1. May I ask which of LYS545/LYS586; LYS545/LYS603; LYS545/LYS600; LYS586/LYS640; LYS460/LYS545 have a Cα-Cα span longer than 21 Å here?
2. Take TYR382, TYR465 and order them by how many other Cβ atoms sit within 10 Å, fewest up front.
3. Over the stretch 139-449, with a single point scatterer placed on each C-alpha, what log10 of the ratio I(q)/I(0) does the Debye formula yield at q = 0.08, 0.10, 0.12, 0.15 1/Å?
4. How much FRET efficiency would the formula 1/(1 + (r/R0)^6) give for GLU579 and GLU307, where r is the Cβ-Cβ distance and R0 is 30 Å, rounded to 0.05?
5. Tell me, Kirkwood radius of the stretch 453-572 from alpha-carbon pair distances, in Å?
6. Compute the length gained on full extension between SER617 and LEU540: take 0.36 nm times their separation in residues and subtract their Cα-Cα distance, giving the result in nm to one decimal.
7. Once phi is turned into ³J(HN,Hα) by the Karplus curve 6.51 cos²θ - 1.76 cosθ + 1.60 with θ = phi - 60°, what whole-Hz value does each residue of the stretch 581-589 show in order, with x for glycine and proline?
8. Under 13 Å from the Cβ of VAL433, count the other residues' Cβ atoms, weight Lys and Arg +1, Asp and Glu -1, and hand me the total.
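Here, each number is a calculation from the coordinates, and none is a lab measurement. None of the values given here were measured: they were computed from a predicted structure. In this analysis, Cβ positions are derived from the backbone assuming ideal geometry, glycine residues included, and neighbour counts consider all displayed protein chains.
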Amino acid sequence: MKSTTYPLNKNWNFTQAGDGEKKIDEWIPCKYFPTSVHVELRDTDGDHSKYAIPDPFIGLQEWDVQWIGESDWEFKTKFGISKDPSLESTESTLKPFHVGEGSCIRADILFEGLDTFCTVKLDPTGFQLIVSLRRAMTRERYHDWLQLLVDGNQNMIRVWGGGIYEADIFYDICDELGILVWQDFMFGCGQYPAYDSFLKTIKVEAEQNVKRLRHHPSIVIFAGNNEDYQIAESCGLDLDYNDEQSDFRNTNFPARYTYEKLLPGIVADNCEVYYHRGSPYSGFRQRTTDRTNGDLHQWNVWHGSQEPWHNWDILAGRFVSEFGMEAYPNIRTVDYWLGDDRSERYPQSRTNCNHNKADGFERRLELYLMENFKHAFDMESYVYYTQIMQSETLASAYRLWRRNWKGRGKEYTAGALVWQINDCWPVTSWAIVDYFLRPKPAYFAIARELRPYTIGMTRKEKKVYSNEYKAADFRIDTELEIWGTNSRLEEKCVKLLVQSFDLYASNWTDSWSEDVVLVPNASTELWKGPLPGQPTRTKLSEAPKPIVVSARLLDGDKVLARYSNWPEPFKYIHFPTVEEAGLEIKVHEDGETVELSCKKPIKGIVLDVEGEDVKWSDQAIDLIPGDNQAITAKGLKGRKIQARYLGDGTA
């Protein structure tokens with residue numbers, strides 16, 4: 001991806017925009033560059049005055065002017081494109097853009113002097129100019145996005161009600177790849193009217209799209225809206241869930257008629273796809289925050305009450321259709337929007353703030369960073385720590401919620417859809433893959449938690465009082481809980497191997513193993529007991545030992561699943577030095593297999609190289625001694641691998 005700025009200051013034409021009465025319909029050459037202001041001396045009743053006259057103007061005389069504020073105008077120009085960078089364009093002042101070799105080259109071109117951002121897509125047959133935020137989506141780009149979803153072990157995608165109905169090819173590819181589609185109708189985060197003429201337009205749009213999409217096996221849900229019931233609740237609108245019969249058009253929540261009368265009728269008349277009134281929507285006469293019915297948007301991590309991500313287990317819902325955590329994208333994407341302006345290359349810069357999707361992100365990012373990490377503020381470090389924070393947050397949610405799928409009659413959490421998979425422009429957001437299809441570490445962490453077999457752990461501190469009358473007389477016990485999950489339809493016999501390490505005492509380790517059976521299509525509780533190596537504490541001021549516990553599920557010599565449980569918050573840990581940790585990165589003879597090993601446990605390894613990015617098979621890796629991990633690095637091309645991790649000496 002290239003970024004080029006061109007001084008387009010000639011060959012502009014203009015015409016009057018809009019559908020109303022026009023003075024001109026043809027394209028007229030501009031005398032001056034668009035948005036420039038020229039000053040002419042005008043004689044008004046003998047009074048010589050200077051007037052600023054902006055283009056466009058019509059006619060040969062300066063006083064025969066059409067002020068730009070009274071009409072809308074469209075401007076256009078043209079410039080040369082050539083595969084030969086030495087050629088000069090004869091039709092403009094700019095040097096032709098060099099296409100280069102390859103079947104498809106993409107470039108962002110900034111028009112100097114215009115408050116405009118455009119994207120040019122180049123291919124062997126020509127080019128297409130597309131305004132950013134509505135980039136043309138080819139089959140190839142759609143496929144790349146959806147293949148990332150499949151490769152990340154995800155099986156459902158939600159088309160959000162605040163966006164668009166996707167092109168046919170999107171649903172075709174979902175059919176091909178076996179991806180389930182949750183399709184919202186296009187009502188999002190608002191309150192909509194329900195007068196007759198508006199309802200007619202809704203009916204036409206909904207019928208067209210239901211008929212267009214109904215033959216796709218990937219479509220499994222039509223949902224009436226995104227968060228409109230939730231907004232009605234928060235605004236105190238007329239919303240009586242016990243009333244199913246009224247004509248809601250006569251209330252101050254008229255859109256309820258659309259969601260409960262109009263849309264379900266259209267869906268029922270045209271297909272057999274399940275209709276859900278909204279997202280979130282609980283049903284059973286419950287509010288949208290009900291955690292036992294329907295679906296839930298769980299934003300009390302990041303938004304709302306800003307709970308610690310460690311509370312995902314008590315924030316769980318029956319089906320969590322939104323939750324998330326922000327993180328910066330790949331450093332290459334950050335460099336893309338920063339360009340060559342080194343003065344803006346810090347996290348709090350105006351440019352970085354303008355490239356952040358979330359309102360109030362400064363307080364939220366720093367809240368979660370300060371609660372959990374000792375971190376630095378240089379650009380590379382800030383990118384790394386926000387990414388590791390997002391990785392830990394989202395992986396924890398999937399890990400704890402998969403535990404809640406406990407078998408028939410105990411499906412307490414039946415699914416989760418992370419917000420979000422993609423971005424529509426280069427930006428910092430909740431996405432787990434950035435605009436240029438570069439996965440963030442969270443993408444890989446989620447993929448690990450969605451494998452057919454997983455292992456999970458949690459540690460819990462319990463304060464036990466000697467009797468009910470003495471609040472000052474207590475002990476603190478630390479318990480460890482271990483569970484496994486199996487999404488297959490048959491049971492699986494495996495060996496559970498548990499190893500513990502004290503980060504401050506290299507001569508202490510603990511290890512034990514046990515044969516266990518993972519029941520089919522459910523989670524299985526495997527072990528519960530005292531945290532190995534952790535003595536009972538009698539004072540809150542007494543720091544616990546930094547015990548790291550690693551658990552693996554083994555099928556013979558094959559590791560089916562692994563997870564390391566670390567003491568938190570990470571900011572309190574005095575990590576081993578780089579020399580003590582002893583991270584070794586070995587590239588095998590094939591040039592793409594990378595093996596990682598260490599002398600002491602290491603948390604949150606993220607690998608990178610200079611230049612163009614590599615396609616990594618895993619990131620955000622936790623490593624323990626004796627459990628070497630091999631990943632692939634397609635496109636490594638002999639380059640030196642760099643590693644970031646917690647305690648690497650950069651913070």
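1. Working: LYS545/LYS586 32 Å; LYS545/LYS603 17 Å; LYS545/LYS600 15 Å; LYS586/LYS640 10 Å; LYS460/LYS545 14 Å.
Correct reply: LYS545/LYS586.
2. Working: TYR382 21, TYR465 12.
Going from least to most buried by this count: TYR465, TYR382.
3. Listed by q, the Debye log ratios stand at -0.39, -0.61, -0.87, -1.28.
4. Details: r = 38 Å, r/R0 = 1.26.
For GLU579 and GLU307, the calculated efficiency is 0.20.
5. Values: mean 1/r = 0.0630 Å⁻¹.
One over the average 1/r among Cα pairs gives 15.9 Å for the stretch 453-572.
6. On the way: separation 77, 0.36 × 77 = 27.72 nm, distance 4.19 nm.
So the chain would gain 23.5 nm between SER617 and LEU540.
7. So the Karplus estimates, Gly and Pro as x, are 5, x, 5, 10, 10, 10, 9, 6, 5 Hz.
8. On the way: positive: ARG141, ARG438, LYS440, LYS615; negative: ASP144, ASP151, ASP423, ASP434, ASP613.
Local charge sum for VAL433: -1.
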